[in-house]
1. Show me the helices (runs of 4 or more DSSP H) found entirely inside the range 142-229 where at least 3 residues are over 23 Å from residue 28 (Cα atoms).
2. Please find, within the range 100-117, the residue that is nearest to the chain's Cα centre (by Cα) out of those that are in a helix (DSSP H, G or I) and more than 29 Å from residue 22 (Cβ to Cβ).
3. Taking the range 132-141 on its own, how many of its residues are outside any helix (DSSP H, G or I) and closer than 23 Å to residue 207 by Cβ?
4. Test residue 129 against the stated conditions and say whether it is without any contact (Cβ under 8 Å) to a residue 24 or more places away in the chain and either assigned by TED's automatic domain parsing to the domain that holds residue 53 or not in a loop (DSSP other than H, G, I, E, B) (or both).
5. Could you grab me the full set of residues in the range 202-223 that are in contact (Cβ under 8 Å) with a residue 40 or more places away in the chain and exposed (fewer than 15 other Cβ atoms within 10 Å of the Cβ)?
6. Would you say residue 225 is outside the structural domain of residue 55 (by TED's automatic domain parsing), touching a strand residue (DSSP E or B) at 6+ places or on another chain (Cβ under 9 Å) and under 30 Å from residue 97 (Cα atoms)?
7. Looking only at the range 162-186, which residues are free of Cβ contacts under 8 Å to residues at least 24 places away in the same chain and more than 30 Å from residue 206 (Cα to Cα)?
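The values are calculated or read from the model by the stated rules, or taken from the named source; none is laboratory data. Please read all numbers here as calculations on a predicted model, not as lab measurements. All Cβ positions, even for glycine, are placed from backbone atoms using ideal geometry, and neighbour counts span all protein chains on display.
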């Protein structure tokens, strides 16, 4: 009789079990739905004291958080000395018992990027950021996720590796995203229906900011709402079909 193969241990020596689909789904939803987070870096030249700061977050198609940071900010200087960072995404807002609600800490390395489609996606989600993009001391950065620590409630705690949560890259959807979003925003009636579908108090002033394999985001003067697709999509046709399905009247 052979003994069972031991579970792999994480860097702290704790045994790890394979991620469940539910854990992966929670993490993906937390990241997709995020527009801000707490970025933790190590203070440069100060014996590595931790430093937390509020940042606005954009999310790339592979779930990588995108940040717009000033060279003058403390966290940017810290990243220059040590690119390792953690980004806390808080999903507890609105819950009666916040400690029983989900949150995830994303750990990885932060690096500066110059990727026009990605930066355009960020600005579409944070229109006010367009003002800072023209400043010489502001640059875009990507947090490449290496590990994630999910707390989904009491007793529901998991470590997840990047490969477990990173979705497939939807090449066609990435290529067509801006064109598709612009076309959809031309249909005011469609956008108003989408806004009401996801619980907007009014259907006036909403715009589709972006679209990914899991859903689409709507913005209105700093407010953000999200429509989740019934299933992941990879092409423009699949995205249009998912939108059409979401807007169909519920069957009895």
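1. Numbers: elements: 162-165, 171-185, 188-197.
Filter on the range 142-229 gives 171-185, 188-197.
2. Of all residues in the range 100-117, those in a helix (DSSP H, G or I) come to 100, 116-117.
Filter once more, so that each one left must be more than 29 Å from residue 22 (Cβ to Cβ): 116-117.
Details: 116: 18, 117: 16 Å.
So the residue we want is 117.
3. The initial filter retains those residues of the range 132-141 that are outside any helix (DSSP H, G or I), namely 134-141.
Add one more test, that the residue is closer than 23 Å to residue 207 by Cβ, and what stays is 134, 140.
Final tally of qualifying residues: 2.
4. On the way: without any contact (Cβ under 8 Å) to a residue 24 or more places away in the chain: no; either assigned by TED's automatic domain parsing to the domain that holds residue 53 or not in a loop (DSSP other than H, G, I, E, B) (or both): yes.
It is false that residue 129 is without any contact (Cβ under 8 Å) to a residue 24 or more places away in the chain and either assigned by TED's automatic domain parsing to the domain that holds residue 53 or not in a loop (DSSP other than H, G, I, E, B) (or both).
5. We begin by selecting, within the range 202-223, every residue in contact (Cβ under 8 Å) with a residue 40 or more places away in the chain; these are 209-210, 212-215, 217, 219, 222.
Hit for the range 202-223 is 222, nothing else.
6. Details: outside the structural domain of residue 55 (by TED's automatic domain parsing): yes; touching a strand residue (DSSP E or B) at 6+ places or on another chain (Cβ under 9 Å): yes; under 30 Å from residue 97 (Cα atoms): yes.
Against the criterion (outside the structural domain of residue 55 (by TED's automatic domain parsing), touching a strand residue (DSSP E or B) at 6+ places or on another chain (Cβ under 9 Å) and under 30 Å from residue 97 (Cα atoms)), residue 225 qualifies.
7. Correct list: 163 only.
This table checks each residue for (1) assigned by TED's automatic domain parsing to the domain that holds residue 123; (2) in contact with a strand residue (DSSP E or B) (Cβ under 6 Å, 6 or more places away or on another chain); (3) on the phi > 0 side of the Ramachandran plot.
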| site | (1), (2), (3) |
| --- | --- |
| 175 | no, no, no |
| 182 | no, no, no |
| 188 | no, no, no |
| 205 | no, yes, yes |
| 211 | no, no, no |
| 221 | no, no, yes |
| 229 | no, yes, no |
| 232 | no, no, no |
